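The values are calculated or read from the model by the stated rules, or taken from the named source; none is laboratory data. All values reported here derive from a predicted model rather than from experimental measurement. Note: ideal-geometry Cβ built from the backbone for every residue, glycine included; neighbour counts use all protein chains shown.
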Amino acid sequence: MRVAEYAGFDAVGLAELVAKGEVAPAELEAAAREAAQAVDPRINAVVETWPTDDAPTPGSTPLAGVPFLIKDIGVTMAGRRTELGSRLAAGFVADADSALMRRFRQAGLVTFGRTATPELAYGTTTEGVLYGATRNPWDPRRSAGGSSGGAGAAVAAGVVPIAHATDAAGSLRIPAACNGLFGLKPTRGRVSMGPGADEVFNGLAVQGSVSRTVRDSAALLDLISGPEPGDPYFAERPSGPYAQDVTRDPGPLRIGVLTQAWGGRRTTPAVADALSRTVALLESLGHRVTEAEVGLGADWEEFVLANARLWTANLTASVDGLAAASGRPVDSSTLEPVTLAGYRYGQRVSGAQFVDALGIRNRVARSLARYFDAHDLLLTPTLPELAVPLGTYAEGAAALDGLGWIDRVLDRSPFTTVFNVAGTPAMSVPVTADTGTGLPIGMQFAAGYGLEDRLFRLAGQLERAAPWAERTPVVWAGHPTRR
């Protein structure tokens with residue numbers, strides 16, 4: 001299969017070709033490798049590839065035989081490096097598959113490499129020291145987002161149709177928005193974090209994917225969701241497959257819209273215009289859209305402080321564990337300035353302060369639950385601005401302490417983190433683009449706890465009404481020589 005042909009299919013479409021015997025998994029893998037070789041020098045999204053010995057059974061699952069990439073954090077593959085984007089973990093090799101990796105194998109995915117992440121996934125742009133900056137395929141001068149920036153750039157550029165991603169503060173929705181992709185953050189507990197952890201960042205982090213089509217993300221979530229023995233909690237299974245929800249009409253929905261974010265960060269005119277066009281589309285589809293007032297359950301400063309305490313305390317424990325395992329020092333030779341500042345801040349977080357931060361988490365979750373008692377969904381921009389130029393996050397970052405860095409991250413992405421704290425599902429949908437630059441703009445829809453099915457139904461409807469898969473970036477495997 002030629003790369004240009006390969007890049008034109010989504011994952012479900014490729015798996016259907018395999019099931020029919022029209023193409024072999026090895027041919028798809030070869031095309032994916034050729035695509036990576038063609039585009040990755042311009043975007044720096046894939047940090048390593050390896051030989052595979054996977055032999056998926058054609059037709060055994062809706063994704064059997066599809067080439068796949070895992071993020072360099074959040075999942076381990078036996079015998080393969082997992083370096084977490086950090087010099088502190090450089091060279092680490094996993095001795096066993098994590099539960100999620102086993103499910104990727106059972107799904108018939110052919111995992112041939114890993115994608116870039118910022119150091120320890122500690123930011124929403126992918127510009128780390130270990131790998132260098134990952135560039136946006138729509139404009140290589142701009143950020144691909146983070147922390148799943150490598151996954152987002154690789155999928156957007158056509159290397160693979162779907163890739164593993166994680167999300168603790170928007171880390172899959174932000175790259176989806178920056179790169180013109182679909183990305184759904186599942187409900188807390190939907191996908192197991194085991195066996196190495198019961199939860200990550202006290203339940204703020206979840207496992208998921210970014211993809212070019214809605215049905216790909218739905219098919220993968222069907223295959224990887226569900227608890228593992230020893231999980232502390234899990235989300236109740238839906239009544240049917242998410243893949244079927246994508247094809248179902250959602251019916252008229254009550255959708256609240258929030259134009260300006262909590263905390264005072266202003267939405268730029270380009271994004272506000274895209275939001276208005278999205279509202280018009282929703283109304284044309286029969287939905288009732290009204291301005292929303294959504295209580296956060298805490299003031300913004302409390303919210304930022306609680307996140308800083310949870311993030312940095314967890315970071316400190318992770319760094320100490322990595323240092324003990326590697327025998328390396330915890331200093332500027334192994335950690336970037338913002339990570340080291342977060343580590344030092346986390347060392348000062350007391351037990352009482354940590355428990356208080358969990359109390360804020362509870363208040364936010366309860367407040368969002370009250371909103372969803374009266375509304376089916378909440379619509380916001382995924383980001384208040386277009387994908388930012390590379391280097392934007394680094395300006396003055398070396399002078400920030402742990403709280404200051406979290407404040408910067410949340411100021412840049414003020415719409416996303418709330419749903420990690422509340423544990424509710426949320427998705428970024430590439431409904432439209434900036435009329436001036438052509439850059440994609442993501443719209444975020446959030447639902448009540450456990451209601452991914454409602455999100456998938458709306459996403460499928462939006463994809464049919466305003467198809468986006470035909471829009472391709474400047475750096476695209478279908479035309480790798482284009483400048």
Does the stretch 453-476 contain at least one residue that is farther than 15 Å from LEU368 by Cα, over 15 Å from the mean Cα position of the chain (by Cα), among the β-branched types (Val, Ile, Thr) and not in a loop (DSSP other than H, G, I, E, B)? no
Given the residues THR76, THR52, which is the only one that is in a loop (DSSP other than H, G, I, E, B) and within 23 Å of the chain's Cα centre (by Cα)? THR76
Residue count for the stretch 398-419, restricted to those that are within 22 Å of ALA365 (Cα to Cα), acidic (Asp, Glu) and in contact with a helix residue (DSSP H, G or I) (Cβ under 6 Å, 6 or more places away or on another chain): 1
Show me the helices (runs of 4 or more DSSP H) entirely contained within the stretch 239-345 in which 2 or more residues are buried (at least 18 other Cβ atoms within 10 Å of the Cβ) and out of contact with any Phe, Trp or Tyr (no Cβ under 8 Å at 6 or more places or on another chain). 269-284, 300-326
Among ARG370, ARG361, which is assigned to a helix (DSSP H, G or I), over 24 Å from the mean Cα position of the chain (by Cα) and of a type outside the set (A, V, I, L, M, F, W, C)? ARG370
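Output the number of residues of the stretch 210-238 satisfying the condition of being hydroxyl-bearing (Ser, Thr, Tyr), in contact with a helix residue (DSSP H, G or I) (Cβ under 9 Å, 6 or more places away or on another chain) and either assigned to a loop (DSSP other than H, G, I, E, B) or without any contact (Cβ under 8 Å) to a residue 40 or more places away in the chain (or both).
2
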Of the residues GLY208, GLY226, GLY180, only one is modelled with pLDDT of 95 or more, surrounded by fewer than 18 Cβ atoms within 10 Å (Cβ to Cβ) and not charged (D, E, K, R); which? GLY226
Exactly one of these conditions fails for VAL271: (1) under 21 Å from the mean Cα position of the chain (by Cα); (2) modelled with pLDDT of 95 or more; (3) within 30 Å of PHE104 (Cα to Cα). Give me its number. (3)
In the stretch 200-249, what residues are farther than 19 Å from ALA422 by Cβ and of a type in the set (Phe, Trp, Tyr)? TYR242
